[in-house]
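Working notes, structure below.
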Amino acid sequence: MTAPGASARRTTAAPPVYRHRTDAAVRLGSGVLLWLSLLLVTYWWVTGGGVQDLGAWATGLTSTGRLTGLIASDLLLVQVLLMARVPALEHAFGQDRLARIHRIVGFTSFDLMLAHVVLITWGYAAGQLSATPATLWELTVDYPGMLLAVGGTVALVMVVVTSVRAARRRLRYESWHLLHLYGYLGAGLALPHQLWTGQEFLASTAATVFWWTLWASAAGAVLVWRIALPLWRSTRHLLRVTSVVREDHGVVSVYLTGRHLDRLGAEAGQFFTWRFLTGPGWTRGHPYSLSAAPDGRSLRITVKELGDDSSALRHVRAGTRVLVEGPYGRLSARARTRRKVALIGAGVGITPLRALAEELRYAPGDAVLLYRFSDRPLFAQEIAVLARERGLEVIWLPGRRRAPDSWLGDGIGAADDVTALTFWVPDIADRDVYVCGPSEWAEDVGRSTSAAGLPDDRFHAESFGW
Ligand SMILES: Cc1cc2nc3c(=O)[nH]c(=O)nc-3n(C[C@H](O)[C@H](O)[C@H](O)COP(=O)(O)OP(=O)(O)OC[C@H]3O[C@@H](n4cnc5c(N)ncnc54)[C@H](O)[C@@H]3O)c2cc1C
């Protein structure tokens, strides 16, 4: 167990750590690489006569269809890479931002893929719309790899339909996640038709090398970082539950130990996806943040009972083996750029902030915690110790949300959110701000910090949604 008081040794002001510069360079570099890859496939389309073909109706349709297909394929593989848990990308963007970019890239790729199917078929049907169904059938059965591509398209349609917000709200996370894995099948099945029939794919050695490299990198990244690394880490560290402690009504802390935890590379504020080997259901992984700073010997998570799996944790026995994926997330010291910090949390969203308040280096008065809770705060004693021993300033914000667009509780009075925030933390614009809580609540906090003058790149948020 990590004793909060033990953190009293880290009381010096923070020497700024410059990992955020590396992360900014990775963000810039990956954006440049993405645009270069799009330019490159467009260049091959141009040199392959793509522009000249636009001169006539039917060839113009086919040519536009080829371009949309090339860009769709590029983006399809990029979105696989984005979610492959590549460490440099995870550090630079954080998983929730990667997921948001993945969503935009994914929908764009899908729309372009549909345009590709329609335009190519229409072009092959000599520009006659009425002949397209028959042409589509011929293309599917006569051309090598096309039947597989149709299978891949069906898989991708299913993934996209279930990812539209309205559909997602109706699905359990686990069902959505399982269906989403068909995206890999879709990406894999689309490849053979590019290889066997795609003009641009085989246009030059450079093009062939480019596509193979991109495809192999995406597949390799998934195998290495999504499958092999978590298995290796789980085997190496042999995590086990040491105890489960009730924190409050419906909230438990799970304490874990394992081998060589000092080499796990975890930081306060990060999360893992956990699988408790208690029997059936172990395959469903759930993300939980560390609620205490990792000390090299033990880990702690604190979980609110929301559904079946989180509620089952209170019955987990000491000695239970645990598989983990992670550590993930950039709600950590890695994102820090300033001496002063503000930690703003709501409900069980306090968990990573509690760990950060312990691990971050700060002088008394340089860190402030604003904690909103409905009934009773979690970790009240531990936070009091941090306030006493580390000089953490604490502002308790009890009460239910006073209005749907306010992130404050009903005991605050009439002051608007920004006025209240700048009253409590007048130099908020000069700090790094770490936020954790429900997505909409965190967005409301973001609106207040922006209005108070905080630049976007110093607002570090993690939401517990998907
Ligand atoms: C990065 C991150 C860190 C988190 N850290 C904590 C934490 O420290 N403490 C804590 O109590 N909760 C945390 N959560 C939320 C926690 O993962 C869910 O409450 C938990 O997975 C619910 O599982 P369930 O089967 O009990 O509930 P379900 O009935 O399956 O779902 C209850 C709610 O949790 C959501 N949920 C279920 N599974 C997942 C999943 N794999 N990923 C994201 N959301 C899911 C569902 O959409 C639903 O809204 C975190 C979530 C994320 C994304």
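Post the alpha-carbon centroid distance, the stretch 268-289 to the stretch 319-341, in whole angstrom. The distance from the Cα centre of the stretch 268-289 to that of the stretch 319-341 comes to 15 Å. Relative to one another, the C-alpha centroids of the stretch 391-420 and the stretch 100-120 are positioned 42 Å apart.
Normalising the average separation of contacting C-alpha pairs (under 8 angstrom, six or more residues apart) by the number of residues puts the relative contact order of the chain at 16 percent.
Per-residue ellipticity at 222 nm, computed for the chain from helices alone with -39500 (n - 2.57) per DSSP H run of at least four residues, works out to -15500 deg cm²/dmol. Can you tally the net charge around Glu247? Count Lys and Arg as +1, Asp and Glu as -1, for every other residue whose Cβ sits under 12 Å from the Cβ of Glu247. Residues close to Glu247 contribute a combined charge of +3. Separation of the stretch 150-217 and the stretch 435-466 by C-alpha centroid, Å? The stretch 150-217 and the stretch 435-466 have Cα centres separated by 32 Å. For the chain, the solvent-accessible area of protein heavy atoms averages 47 Å² per residue (probe radius 1.4 Å; ligands and nucleic acids excluded). The order of Tyr434, Tyr43 by accessible area, most exposed first and with a 1.4 Å probe, is Tyr43, Tyr434. Each peptide in 451-460, 286-295, 204-213, 166-175 gets a packing score, the mean of other Cβ atoms within 10 Å over its residues, and the list from highest to lowest is 286-295, 451-460, 204-213, 166-175. Computed with a 1.4 Å probe on the full set of protein chains, the accessible area for Met158 sits at about 70 Å².
The values are calculated or read from the model by the stated rules, or taken from the named source; none is laboratory data. This is a predicted model, so every value here is computed, not measured. Here Cβ is always computed from backbone atoms with ideal geometry, including for glycine, and neighbour counts include all displayed protein chains. Heavy atoms of the whole protein, side chains included, go into the accessibility calculation; ligands, DNA and RNA do not. Shrake-Rupley method; radii C 1.70, N 1.55, O 1.52, S 1.80 Å.
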